[in-house]
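Trainee: Just passing along the structure, written as structure tokens.
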Amino acid sequence: MLEVSGLTVRFGGITALDHVGFTVDAGQLVGLIGPNGAGKTTLFNCLTRRYQADEGSIRCGDTDLLSVAPHAIVELGIARTFQNLGLFPQLSVRDNVLVGAHSHARAGFLSAALRLPSVRREEARLGTEADDLLDRLGLTAVAEHPATGLPFGTLKRIELARALAARPKLLLLDEPCNGLSHGEVDEFEALLREIRAERDLTVIVVEHHMGFVMGICDRVICLEFGRKIADGTPAEVQNDQAVRDAYLGTAA
Amino acid sequence: MTERILDVVPPRAEPASPPATPAPPVRYPRVRLRWAITALLVVVACVAPFQLAPFRVFQLTMVLVYALALLGLNLLVGHAGQISLGHGAFFAIGAYTSAVMLEHWDAPYLLTLPAAMLVTFGVGFGLGVPALRLRGLYLALVTMTIAIFLVPLLKRFESVTGGSMGLTLSRPRPPAWTGLAEDQWLYFLALAVTAACGVAVWCLLRSRVGRALHALRDNETAAEVMGVRLSRYKTLAFAWSAMLAGAAGAVNTWVIAFVSPDSFTATLSIMLLAGIVVGGLGSTFGPLLGGAFVLFVPTLAQGVNQAAPGVVFGVLLILIMYVAPTGLAGLAGRAGRFAIQLRRKK
Amino acid sequence: MTTLLTVEDLHADYGVGKVLHGIGFSVAEGEICAILGPNGAGKTTLLRALCGTIRTGGTLRLGDVALPRRNPESVARLGVAHVPEGRGTFAPLTVEENLRLGAYTRRERAGVPRDIERVYEYFPVLKQRRGQAAGSLSGGEQQMLAIGRALMSRPRLLLLDEPSLGLAPMITRELFEIVRTVNEEERMTVILVEQNAHLTLEFAHRAHVIETGRIVLSGTAEEIRSDEQVVAAYLGIEVV
Amino acid sequence: GREDSAGTTAQGDCGGQQTTGITDTSIKLGGIYPLSGPASAYGEIPKAVKAYFDYVNAEKGGINGRKIEYVVRDDGYQPPKSVEEARRLTEQENVFALFQTLGTATSSAVMEYANQRKIPQVFVASGATKWGADPAKYPWTIGWQPSYQAEGRVYGQYLIKEKPSAKVAVLYQNDDFGKDLRDGFAKGIEGSGVKIVAEQSYEVTDPSVDPQLRNLAGSGADVLLNITTPKFASQALAADAKNTEWNPLHIVNNVSSSMTVLKPVGFDKVQNIVSSAFLKDPSDPQWAADPEMKLYEEKLKKYAPGLDTKTAFYSLGWASASGIEQAIARMKCPTREGLMEAARSLTDVRSELLLPGITMSTTPQDGYPIETLQLVRFQGERWTLFGEAIDTRKESR
Amino acid sequence: MADFVQQLVEGLGAGAIYASLALALVLIYQFTGIVNFAQGELAMFSTFIAWSLVNAGLPFWAALGLTLAISFAGGMLIERVVIRPVEGAPELTLVIVTLGLLILVNAAAGWIWSFLIKDFPSPFSGGVFKAGGVTLSYSTLGVLGVVAVVMGLLYVLFRYTKIGLGMRAVASNPASARLLGIRVSRMLALGWGLAALVGAVSGVLVAPLLFLEPNMMGGVLIYAFAAATLGGFDSPAGAVVGGLVVGVAETLAGAYLGVVGSDLKIGVPLAVIIGVLLVRPQGLFGRAAVERV
Ligand SMILES: Nc1ncnc2c1ncn2[C@@H]1O[C@H](COP(=O)(O)OP(=O)(O)OP(=O)(O)O)[C@@H](O)[C@H]1O
Ligand SMILES: Nc1ncnc2c1ncn2[C@@H]1O[C@H](COP(=O)(O)OP(=O)(O)OP(=O)(O)O)[C@@H](O)[C@H]1O
Ligand SMILES: [Mg+2]
Ligand SMILES: [Mg+2]
């Protein structure tokens, strides 16, 4: 499904990614871990064309991702959430989710301004879909609330809803458990499992919460200083000495 | 000892704000209120020209003209989040397109409206290209310089534009069947165009397009990740915004029957921006309130102090921003909600 | 032990509805005090109230002085440092400039370069990035920067809002060690808001559990940890 | 439609003519000026006009027993605003006539409306030719001061006589005023040995005309025709004085010939520059004993205390107010039609402060009241008249 | 050739004037994050104060010193009275408030001192300096010198002082700056005061060349905006280089590009700006905003 090879990104003197290569099979749930500044988010940014890769290639199915325009990434079925939240603060929660469905609608300026019947139908369809999603993620009560001033955990869930509204095949989650308490992490884990099964998702998740990563992932990749230092089952990675030294620390 | 504040340990509490089984989605009274206001406005708008003196009708016509331009500016600034300090230029281009067609080709005046819209759409699309790269302040200042540049440019092509003398035209006569006076007829023309554009913009904003504009205003990166094609939406927002300002320019030509470069100096652009900020960025009725501001407040200022109307106008502008930092529409909305709350409490 | 911070009947809101409904507790000088509670309980709001960024009612005292209302500058000048939710780094400024700003209100300037070095020792990655714009750091690096910046003012009271957010497990542990070090060596008082209740209770002296804007449970860290029922009910963690 | 309902009409001899804004004891006039915005300097003019009317009302009992009410509105020099204000004056204030709308573009915007509604727009404060060019199409509009074109021709005539092979550099404001004057000059020198060798224009938004002047200096011209508004005129005069290598004969147009322009530059730097005038200059000591001038100074002090009588804007306002007084006094019918008829049939009528030998004359076909100009030269601390007053009527038609 | 050099020199002279006001714009932007449309009018008002003082009989340099002090205090006062009530309001609200201030100050100056032009003494001697067919007046040289000095001072202020650091923090994130104990309001007032002071310097430099009247700075402001935009709004060096480029481009275009002519010459710096900004949207010397997700 996804094939990354030799991916290198540099910023001035820093090499944020250094010849990283791996593949992800359809349906897999891959955990991406590594110390702070290892390049995890940078990798996501390359996958969604936020950053320009200096070397290497990324293929998604038959497409060379690096030659796709940033806005067209979502059309290939790739959606993501952001580490530091990337919501639209002045829009309602519902509208945030509807923006997620942008790529599944066709209305243009003129047809929308004239409110052609096709646009009306499309809006109705998107509306129902969004409401279903909100319902599914327990956000109905805050649907009309602007996406600011809600607790951090709720905001993270809205981001997930928005990403799901794009009906992705590949979902990239950047630290989804941030700010969740222990119990909430468990709930989220359950939710993610269900959604993944329902929607046949391939997921890459960056997370520092080891309980979550080890519990849910089929496979874990560990980066350090932009290099891949481990790639295997959770158990393998957890016992890898390099990973322990660089990331988990002795206590883990 | 653990200090127990509750006697019974409750099961894990639900998250604080969202209750698990929600009440039916909240419908804000605001929404119903907006429909009520709209209905009221339509009635008032249709009755007014038969009740008011011709001069007042003329003033309302001008309010509508400015409101139309502000509708466009609101789309760009309020909804797409790009600042233009040069919208007077599009207003001018619309006005000149109409005037030139009337003067040189004797075109039927109604035809000049779509023509003006087409021309300004094209120009706006072209000028939207810098808007792709520039943000906020930089875009504002570049558009301002473009507006300033337009004035000598209009003077340069004297044979077409009439140079600095401008073009003097005559006002369209009402068709006999209407039985309307000229002012009334112009008023209804302006009303029809403004209302139609208002409805179109309203529809536009309540669609995927509107949401995409809002999204790119709030967070460009996230919008692009969600599939919003920034270049397309930004240039089109610019073009549509220019087109509406151009439409306002064309109607302005019908009403004023005179165009000259001096009619469209940087002052106009600045007044338009002030108008939409005062009216309320991103609000439904902001353009209308802004239009009223542009027309009435300078008059009010000279009523207060004729020796230096600018002093009064400047003070008024600053005061309005104190009282309503998010615009008059926001202020009206707040007042409305307050009233509703008061009624509920009783 | 003297009391450093006294909070009585604290109320707070964001203009729409109350978030804190009469919170009262006190923090002794040299204590690490943990505030725990579920999402949206009002922990962040409590810290904001303490540092004066939101509207409040009730009494707040630092030592003998009442904390000024709605005036975070003065609160900061009384020796309260806050690592806010969302970090609040100055994106266009460099890492080092951010750190220097942490010491903005300090009278003695001589110790500033030394303290910058100390922060670099705590978080070596910051040293590597010292000339880089703070906005370009990774999430975790920014978190480190925010904590380092707060330490630069050598505060009497340090408010930490989910400091482990986005930090790698190893760094999280180190962070807690650092908090313990400054607490012990400099008698810096710390109020720690955390989701990672287990780890927090290991380091804190006292803890308060907040739910929907009220304190529902208070005690020493030991007590709370040992009361399994409570821990399971409120904090949703199995005790190891 | 409703729009015609407001006006009133006369009975008797003048039957059917409009009597809005005029009664046996009063007459109401409205003026539109830029009191705010970039052209606010002109906002000084109505102060003197008002003083003149106050004086006439208080000391002469009005004009033929009719006291003058004078309403001033601000248009900020924006044509759409001028239309609005013109309509406010006529429809809300019910003025009898628009006396002085200032500026070419602004007055043009009003012209269509005034003629359509048959409202006198008299003595427009602008020297564009259009006010008198088409009396058949725009019978309700008439200018007052010598047209810019006429002024340009005067300078042309002067050069042909004095410097028959002059090479002229022209600096002009890029608008109707600058172009009209330049065109008049070009027409005036047609077929003679005088040639324009360089031209530079500027925009009112330009900070300075120094660059333009520098470019003109390079042309090797020996005459500089300076067609600018006051601020830019000062800049140009100063720049010319500063450039010691280029010493052309400097002609400055009438608009900018006032002392307020020359004084900041320094009198020593503007010696022997040439201009033209049709009014007595209040700062010129030669008129110190002139009764008209004494009246002006005394009454302006009395009715508009605090104004500096030496300022040319005030003498202009004073003179034009006196002009409208003459026209109103000559109305046969006390109607709008009557006013236009009077304004269009003036024969050698003097208004206050006109230079000796200069009068107002119109016919139904000739819509230019003042067409005579006097050449002046700056010497010492004042303008001195030289040569005859030049009647541009003779050359033009 | 000499002619070309002469035009170049004159362009630099004009550019230095634009730069002087652009410096004030950049200063206030750095301090407060505001684009101050009233900056030119405040400079004009300060110059009128200096003019009044000179006319009241004060020696030029004393009047100048007093004016700078008054301007500084006036700037702080304006921040207190006019800006503080809308502190924290949306950016455009602040822009409109400064526009209101522009209109207000312009009209007030006209009301107080009338719109008639006044001459203003030049601080520099009137002579010229000649070399190889090129004349350079001392006043141009003086303006360039003052601008260079102000630029240097600002650079030091921004980069090397504690206050400079604090103020950059305030401009980038006021809420965070507060948490660190930086007195934001005082910083903003200081910014307004300093900008008014630099503006006053600009006004005093400009007035002898353009003559003093309420609309004196209108045209200059547009070019100063162009200069700051070109150079990047966060760099004093950028403001100066931007000003010089704009001045030279405009002057040379007016002199040598026949089609452009003096009426359309403003289009040339405009084209330069758009061209530069398309390549470097943050301006020549500006720093690109870092954005991370
Ligand atoms: N735009 C940029 N400019 C300069 N350096 C950058 C930029 N983006 C990322 N970096 C650097 O690249 C490195 C990798 O950053 P990245 O955000 O990918 O880390 P991460 O693995 O996601 O860390 P964390 O777990 O803290 O989020 C960091 O050291 C960061 O400072
Ligand atoms: N800026 C704001 N405007 C309006 N309401 C707010 C704002 N910030 C927080 N709230 C509300 O206040 C309540 C408490 O929020 P707070 O952020 O203090 O919770 P928290 O305990 O810190 O939660 P988390 O663990 O998610 O950080 C929430 O219900 C939230 O919706
Ligand atoms: Mg990351
Ligand atoms: Mg929180």
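Trainee: Report the label-to-label distance for D:Gln92 and A:Asp200 in nanometres (one decimal), using points 7 Å from each Cα along the Cα→Cβ vector.
Mentor: Those two pseudo-labels are separated by 7.0 nm.
Trainee: Using a Gaussian network for chain C with springs between C-alpha atoms less than 10 Å apart, which of these wobbles most: C:Glu108, C:Glu202, C:Glu211?
Mentor: Comparing C:Glu108, C:Glu202, C:Glu211 in a Gaussian network model of chain C, the most mobile one is C:Glu108.
Trainee: Suppose each label sits 7 Å from its Cα in the direction of the beta carbon; what would the D:Lys294-D:Lys187 distance come out to in nanometres?
Mentor: Between D:Lys294 and D:Lys187, the label points sit 4.2 nm apart.
Trainee: Something else about it: Longer than 28 Å from Cα to Cα, which of D:Lys231/D:Lys280; D:Lys263/D:Lys294; D:Lys301/D:Lys332; D:Lys67/D:Lys118; A:Lys40/B:Lys234; D:Lys47/D:Lys294 are they? Say none if no pair is.
Mentor: D:Lys301/D:Lys332; A:Lys40/B:Lys234
Trainee: Taking both sides together, what accessible area is buried at the B/D interface, probe 1.4 Å, expressed in Å² and rounded to the nearest 100?
Mentor: Chain pair B/D: roughly 3200 Å² of buried accessible area.
Trainee: What percentage of all Cα-Cα pairs in segment C:13-135 are separated by more than 22 Å?
Mentor: 48 percent
Trainee: Using only protein heavy atoms and a 1.4 angstrom probe, determine the accessible area buried between A and B, summed over both sides, in Å² to the nearest 100.
Mentor: 3500 Å²
Trainee: Binning every alpha carbon pair distance of segment A:90-152 at 5 Å from zero, what are the percents per bin?
Mentor: Pairs per bin, as whole percents: 4, 18, 24, 22, 16, 10, 5, 1.
Trainee: Once you average over the residues of D:70-82, how many Cβ atoms of partner chains fall within 10 Å of each Cβ?
Mentor: Rounded to a whole number, the mean comes out at 5.
Trainee: Now for a different question. Could you tell me the largest-minus-smallest coordinate of the C-alpha atoms of segment C:87-154 on each of the three principal axes, in descending order and whole angstroms?
Mentor: 31, 20, 17
Trainee: Now a separate question. Please calculate how many Å² of accessible area segment A:90-152 carries per residue, with a 1.4 Å probe and no DNA, RNA or ligand atoms counted.
Mentor: For segment A:90-152, the solvent-accessible area averages 43 Å² per residue.
Trainee: Could you let me know the centre-to-centre spacing of segment E:36-76 and segment B:256-308, using Cα atoms, in angstrom?
Mentor: 32 Å
Trainee: Semi-axes of the equivalent ellipsoid for segment A:139-252, please: Cα gyration tensor eigenvalues, times 5, square-rooted, ordered largest first, whole Å.
Mentor: Its equivalent ellipsoid spans semi-axes of 29, 16, 13 Å.
Trainee: If packing is taken as the average count of other Cβ atoms within 10 Å, what order do E:16-26, B:207-217 fall into, highest mean first?
Mentor: E:16-26, B:207-217
Trainee: Restricting to chain A, what percent of DSSP beta bridges are antiparallel, rounded to 5?
Mentor: Taking every DSSP beta bridge within chain A, about 55 percent pair in antiparallel fashion.
Trainee: Additional query: Tabulate in residue order the Karplus-calculated ³J(HN,Hα) for segment B:237-248, using 6.51 cos²θ - 1.76 cosθ + 1.60 with θ = phi - 60°, rounded to whole Hz; enter x for Gly and Pro.
Mentor: Whole-Hz 3J(HN,Hα) from phi for segment B:237-248: 4, 4, 5, 5, 4, 4, 4, 5, 4, x, 4, 4.
Trainee: Tell me, which longest segment in chain E has none of the GluC sites (Glu not before Pro) that fall in DSSP loops with at most 16 further Cβ atoms within 10 Å?
Mentor: Here the longest run is E:88-290.
Trainee: Sticking with this one: If the only charges are +1 at each Lys and Arg Cβ and -1 at each Asp and Glu Cβ, what is the size of the charge dipole of the protein assembly as shown around the Cα centre, to the nearest 20 debye?
Mentor: The calculated dipole for the protein assembly as shown is roughly 1680 debye.
Trainee: What angle, in degrees between 0 and 90 and rounded to the nearest 10, separates the Cα long axis of helix B:136-156 from the longest principal axis of the Cα atoms of chain B?
Mentor: Around 10 degrees separate the two axes.
Trainee: About the Cα centre of chain D, what is the dipole size in debye to 20, counting +1 per Lys and Arg Cβ and -1 per Asp and Glu Cβ, all else neutral?
Mentor: Magnitude of the dipole: close to 200 debye.
Trainee: From the C-alpha gyration tensor of segment E:13-216, pull out the three semi-axes of the equivalent ellipsoid (sqrt of 5λ each), sorted largest to smallest, in whole Å.
Mentor: Working through the eigenvalues yields semi-axes of 31, 21, 14 Å.
Trainee: Taking the 0 to 90 degree range and rounding to the nearest ten, how far is the long axis of helix D:312-329 tilted relative to the main principal axis of chain D, both from C-alpha atoms?
Mentor: 40 degrees
Trainee: Which residue, chosen from E:Ala288, B:Ala257, B:Phe285, occupies the Cα position most advanced towards the positive end of the dipole of the protein assembly as shown, where the dipole is computed from +1 (Lys, Arg) and -1 (Asp, Glu) charges on Cβ about the Cα centre?
Mentor: Among E:Ala288, B:Ala257, B:Phe285, the one farthest towards the positive end of the dipole of the protein assembly as shown is B:Ala257.
Trainee: Considering only protein heavy atoms and a 1.4 Å probe, what is the carbon-and-sulfur percentage of the accessible area of the protein assembly as shown?
Mentor: Exposed carbon and sulfur together represent 58 percent of the surface.
Trainee: Still on this structure: Using a 10 Å cut-off on Cβ to Cβ distances, tally the other chain neighbours for every residue of A:88-100 and report the average as a whole number.
Mentor: The mean count of partner-chain Cβ atoms within 10 Å per residue comes to 5.
Trainee: OK, next. Using label points projected 7 Å from each Cα along Cα→Cβ, tell me how many nm separate D:Thr23 and C:Glu121, to one decimal.
Mentor: Taking the two extended label points, one gets 9.6 nm.
Trainee: Leaving out ligands, DNA and RNA, calculate the buried accessible area for the pair C and A with a 1.4 Å probe, summed over both sides, in Å² to the nearest 100.
Mentor: Buried: approximately 1900 Å² between A and C.
Trainee: Leaving ligands, DNA and RNA out of it, work out the accessible area of C:Asp227 with a 1.4 Å probe and give it in Å² to the nearest 10.
Mentor: Accessible area, nearest 10 Å²: 30 Å².
Trainee: What's the average, rounded to a whole number, of partner chain beta-carbon atoms within 10 Å of each residue's beta-carbon in E:243-251?
Mentor: So the per-residue partner count for this stretch is 1.
Trainee: When the Kirkwood radius is taken over all Cα pairs of chain A, what Stokes-Einstein diffusion coefficient follows at 37 °C and 0.692 mPa s, in µm²/s?
Mentor: 172 µm²/s
Trainee: Sketch the reach of a paramagnetic label on E:Ala175 as a point 7 Å from Cα along Cα-to-Cβ, and name the residues of segment B:212-228 whose backbone nitrogen lies under 18 Å away.
Mentor: Only B:218-220 pass the distance filter.
Trainee: OK, next. Give me the residues in segment B:241-265 whose solvent-accessible area, probe 1.4 Å, is reduced by at least 30 Å² once all protein chains are included instead of the chain isolated.
Mentor: B:Ile256, B:Phe258, B:Asp262, B:Ser263
Trainee: Highest mean first, what order results for E:108-116, A:55-63, A:13-21 on Cβ atoms within 10 Å?
Mentor: E:108-116, A:13-21, A:55-63
Trainee: Here's another thing I want to ask about it. Amide H neighbours of D:Glu199 under 5 Å, at least 5 residues apart or on other chains, H built in the peptide plane: list them.
Mentor: Amide H neighbours of D:Glu199, under 5 Å, 5+ apart: D:Val170.
Trainee: Loop sites only, by DSSP: take the trypsin sites (Lys or Arg not before Pro) in chain C that have at most 16 other C-beta atoms within 10 Å and name the longest stretch containing none of them.
Mentor: It runs C:131-186.
Trainee: Sticking with this one: Taking the Cα centre of segment E:142-281 as origin, sum charge times position over the Cβ atoms of Lys and Arg (+1) and Asp and Glu (-1), and report the length of that vector in debye to the nearest 20.
Mentor: With only Lys, Arg, Asp and Glu charged at Cβ, the dipole is about 720 debye.
Trainee: Could you tell me the calculated FRET efficiency between A:Leu110 and C:Lys18, based on Cβ-Cβ distance and R0 = 56 angstrom, to the nearest 0.05?
Mentor: 0.70
Trainee: Can I ask one more? Using only the alpha-carbon atoms of chain D as identical scatterers, what base-10 log of I(q)/I(0) does the Debye formula give at q = 0.09 Å⁻¹?
Mentor: -0.52
Trainee: Rounded, prolate or oblate: which one fits segment D:315-392, using the alpha carbon gyration tensor with axes a ≥ b ≥ c (rounded when a/c is under 1.5, else prolate when a/b beats b/c, else oblate)?
Mentor: Here segment D:315-392 falls in the prolate category.
Trainee: Express the accessible area of chain C per residue in Å², computed with a 1.4 Å probe while the remaining protein chains stay in the model.
Mentor: 36 Å²
Trainee: Still on this structure, please answer the following. Quick one: compute a quarter of the convex hull surface over the Cα atoms of the protein assembly as shown and quote it in nm².
Mentor: Average projection, Cα convex hull of the protein assembly as shown: 60.3 nm².
Trainee: So, one more: With every protein chain left in place and a probe of 1.4 Å, what is the accessible surface of B:His104, to the nearest 10 Å²?
Mentor: Estimated to the nearest 10 Å², B:His104 gives 90 Å².
Trainee: Calculate the FRET efficiency for B:Phe157 and D:Lys67 from the Cβ-Cβ distance with a Förster distance of 41 Å, rounded to the nearest 0.05.
Mentor: It comes out at approximately 0.25.
Trainee: Across chain C, what fraction of all alpha-carbon pairs, as a whole percent, falls in each successive 5 Å bin from zero upward?
Mentor: 1, 6, 14, 18, 20, 17, 12, 7, 3, 0, 0
Trainee: Can you find, among A:Leu66, A:Gly108, A:Val142, the residue farthest towards the positive end of the dipole of chain A? Put +1 on the C-beta of Lys and Arg, -1 on that of Asp and Glu.
Mentor: The listed residue farthest towards the positive side: A:Gly108.
Trainee: What span do the alpha-carbon atoms of chain B cover on each of the three principal axes, reported in whole Å from largest to smallest?
Mentor: Extents along the principal axes, in whole Å: 95, 48, 46.
Trainee: Also: Mean Kyte-Doolittle of at least -1.0 and a Cα length of 20 Å or more along the axis: which whole DSSP H helices of chain E meet both?
Mentor: E:2-32, E:39-55, E:60-78, E:91-113, E:138-160, E:184-210, E:216-231, E:236-256
Trainee: Packing-wise, with mean Cβ within 10 Å as the measure, how do B:260-269, B:294-303, E:239-248 rank, highest first?
Mentor: E:239-248, B:260-269, B:294-303
Trainee: I've got another one for you. Treating the angle as unsigned and between 0 and 90°, give the value, to the nearest 10°, between the Cα long axis of helix B:109-133 and the longest Cα principal axis of chain B.
Mentor: Tilt of helix B:109-133: around 60 degrees.
The values are calculated or read from the model by the stated rules, or taken from the named source; none is laboratory data. Everything numeric here is computed off the predicted structure, so don't read it as measured data. No Cβ is skipped: glycine too gets one built from the backbone with ideal geometry, and neighbour counts run over all protein chains shown. For the accessible areas, the whole protein counts, side chains as well, though only heavy atoms, and no ligand, DNA or RNA atoms are used. Shrake-Rupley method; radii C 1.70, N 1.55, O 1.52, S 1.80 Å.
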